[in-house]
Structures are given as C-alpha cells and as structure tokens.
Amino acid sequence: MNDLELLNNLTKLHNLVKKEISRIIIGQKNVIDHLVLCLLCNGHNLIIGVPGLGKTLMVHTLSDLLDLSFNRIQFTPDLMPADITGTDVLEEDAITRQRSFRFVLGPLFANVILADEINRTPPKTQAALLQAMQEYEVTCSGKTYQLPQPFFVLATQNPIEQEGTYPLPEAELDRFMFSVKIDYPHTDEEIEIVLSTTAEQLPKLKPVISAQQVIDYQKLVRRIPVSRDLVEFAVKIVRLTRPGKNSSEQINRYVMWGAGPRASQNLILGAKGLAAIQGKPNPDRSDVLNLLYPVLQHRIVMSFAAEAEGIKVNDVIDMIYKMVN
C-alpha cells in the first residue's frame, strides 16, 4: 500500500474513531481531537482539568478502540519510582533451592498510560516517568527493558488543589507535545452524560485499528513532506515568544522565558499530523496556527508584571497570533 492510499485510509479511520468515541464520551471534541493527533504524532499529552470530567474514561475508550493496552497510575506523595517502572524480586526454585532475581513489570509497561494527578508525586517519581517518555525504556539493576510500542502518556493535573503538590518544572513540561485544558460540559451535554451513564450499561466498543497499524501511521506522518517556508514560519512564531532586544515591548514585559526548539518541532510535526488526518499531502500555515495554543501554553513562563496585571499565557499567544496572521 502506497502513502496516498495510507492517507486515504487514515482519514476514514480517524472519522470512525471519533464517531465511536462519541458513543461513550459526550462533548469534549477539541480534547479528543488533540488526544488522537498527539498519539498519531507519537507524542505525549498533558491535560489540565478539575476532577469528574471523564478523563480516565476518555483515554480508556481510546485505547480500546485502538486495541492498545491501558494502565492508569494514581500518583500520590508516597509513590516511588519502582512502583511505576517495576523492580527485581528474589525467587527460590522449589526443587533446586537456587535463588535468582526476576524483574516484575510495573504499570508503565502498557501502550497507553494515564498518569493521574502527576503533580501529586515527588520529583524522583516524576523523573522516572518522564525518562520513560523520552527514552521509551526502563533500566533496573543495570538491565534495560524496552517499553511496548506505541507508547503514549496522558498526564493530568488538578488546577484547584495545589497544597502539597510538586508542580512539574518547565524543563519537564517541555517534554509534553500538547497541553490541553478540559472544561465543564455545556448544559445539553451534561444532561446527555447523566442520561447515558445512569442507564443499564454503556455501549461496548470493538477495536477498529491494531497497534501495528498505529505505528505504521506514525511513520507515515513523519514521511509527509514540509516546505522550508513553513518550517521558517513555525520557527518565527516560537522565537516571537522569547524576550530579548528584538522582541516586542509586550513580550519583554510579560514573558520571563519563551518556548524552546521543541515547540518548533512539535508545531511542524503536529501540522503534519493534521494534514494527514485531513488527507492532505502536505501541511500549510493554517495547520501550524491551529496548534499554537496546545503547543505553546505550557512552554511560556510569565513574568511578575504579567501576574500583577492579570495577563495570562493565552493572552500572550493571542498577541503572537495577531502578529503572524
């Protein structure tokens, strides 16, 4: 099957996945779109939202449709790195009485990981997860174990309760391709949620695509050509977020640190993914502009002046959007 046929199939599969998810998840279309796109680009996603908005159900439903294994890890202050990566246990043979170590796989060994309330666990456990996200492997007692592919981490943060939490440093936030905010459903959507979840049972979904097909489509996205002009456009946008002598007065006043090169990479990779699911042979500027908020909003560090004047990170992205559009 050539790349053009793969693109056509991907568009049909994407529409089918969204249709099937809507049988379980009411609303939240923007969040679902970014989840599917992030998985297609082989990235990781950070979702910020209050409890009870269906984050776990959403991710579990997606993993079922894609025939991927799923594990949910509830992050707590006493969670240790070995609790998520796995550890060696000492075993004794019942016949020979010889002792040996056996590695017991931790919950990270699944295709889709929901890291629930990642900011509630200490930095060393956060680091273990983030290393797995970056390297796609786990090391224990000098031995390296490969994580299953595809490997997709969805981490959630609760924006309300911040006491006793360990906020992710900017360098670790940068490893997430997208950051998406999930909000309360509309009135009509909430009525539908209550009606569907209090019925006898939820609809049962069947997988529509295999893990190997997901990997094939991830490789397809990488092969999509992109013009140098579009790369220069993405880099220009990211560089506009950085304060300096060539930056605007507003950026210098309201931004302490701007986005790094990973933002440029993710804008282009995400634009390739958007083009792929629309069946386009290559991305254009509109695809890049559609991803400004999920790519940039967790990579810009605001200044004290911004906090004092009530300027939010999305206000800065609005400024940049107007500069380039």
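Summary of values
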{"read-out": "Residue list for the range 194-243, filter: surrounded by fewer than 13 Cβ atoms within 10 Å (Cβ to Cβ), among the hydroxyl-bearing types (Ser, Thr, Tyr) and farther than 11 Å from ILE268 by Cβ", "value": "THR197, THR198, SER210"}
{"read-out": "Failed condition for THR56, given (1) modelled with pLDDT of 85 or more; (2) over 24 Å from ASP287 (Cβ atoms); (3) polar (S, T, N, Q)", "value": "(1)"}
{"read-out": "Residue in the range 270-278 that is touching a residue at least 24 places away in the same chain (Cβ under 8 Å) and surrounded by fewer than 19 Cβ atoms within 10 Å (Cβ to Cβ) present", "value": "yes"}
{"read-out": "ASP64, sole failed condition from (1) among the acidic types (Asp, Glu); (2) over 30 Å from THR198 (Cβ atoms); (3) assigned to a helix (DSSP H, G or I)", "value": "(2)"}
{"read-out": "Hits in the range 109-163 - residues which are β-branched (Val, Ile, Thr) and either part of a strand (DSSP E or B) or not assigned by TED's automatic domain parsing to the domain that holds THR76 (or both)", "value": "VAL112, ILE113, VAL138, THR139, THR144, VAL153, THR156"}
{"read-out": "Hey, ASP229 more than 30 Å from SER303 (Cα to Cα) and without any contact (Cβ under 8 Å) to a residue 12 or more places away in the chain or not", "value": "yes"}
{"read-out": "Top-ranked residue of the range 56-110 - restricted to ones that are surrounded by 13 or more Cβ atoms within 10 Å (Cβ to Cβ) and of a type in the set (D, E, K, R), ranked as nearest to ALA127 (Cα to Cα)", "value": "ASP83"}
{"read-out": "Some residue of the range 10-33 being in contact with a strand residue (DSSP E or B) (Cβ under 7 Å, 6 or more places away or on another chain), surrounded by 20 or more Cβ atoms within 10 Å (Cβ to Cβ), in a helix (DSSP H, G or I) and of a type outside the set (Ser, Thr, Tyr)", "value": "yes"}
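For (1) of a type outside the set (Ser, Thr, Tyr); (2) within 19 Å of the chain's Cα centre (by Cα); (3) part of a helix (DSSP H, G or I); (4) within 30 Å of VAL17 (Cβ to Cβ), each residue gets a yes or a no:
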position	(1), (2), (3), (4)
LYS236	yes, no, yes, no
GLY244	yes, no, no, no
ASN252	yes, no, yes, no
ALA259	yes, yes, no, yes
LEU267	yes, yes, yes, yes
VAL316	yes, no, yes, no
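The values are calculated or read from the model by the stated rules, or taken from the named source; none is laboratory data. As the structure is a computational prediction, the values presented were derived from the model and not from experiment. No Cβ is skipped: glycine too gets one built from the backbone with ideal geometry, and neighbour counts run over all protein chains shown.
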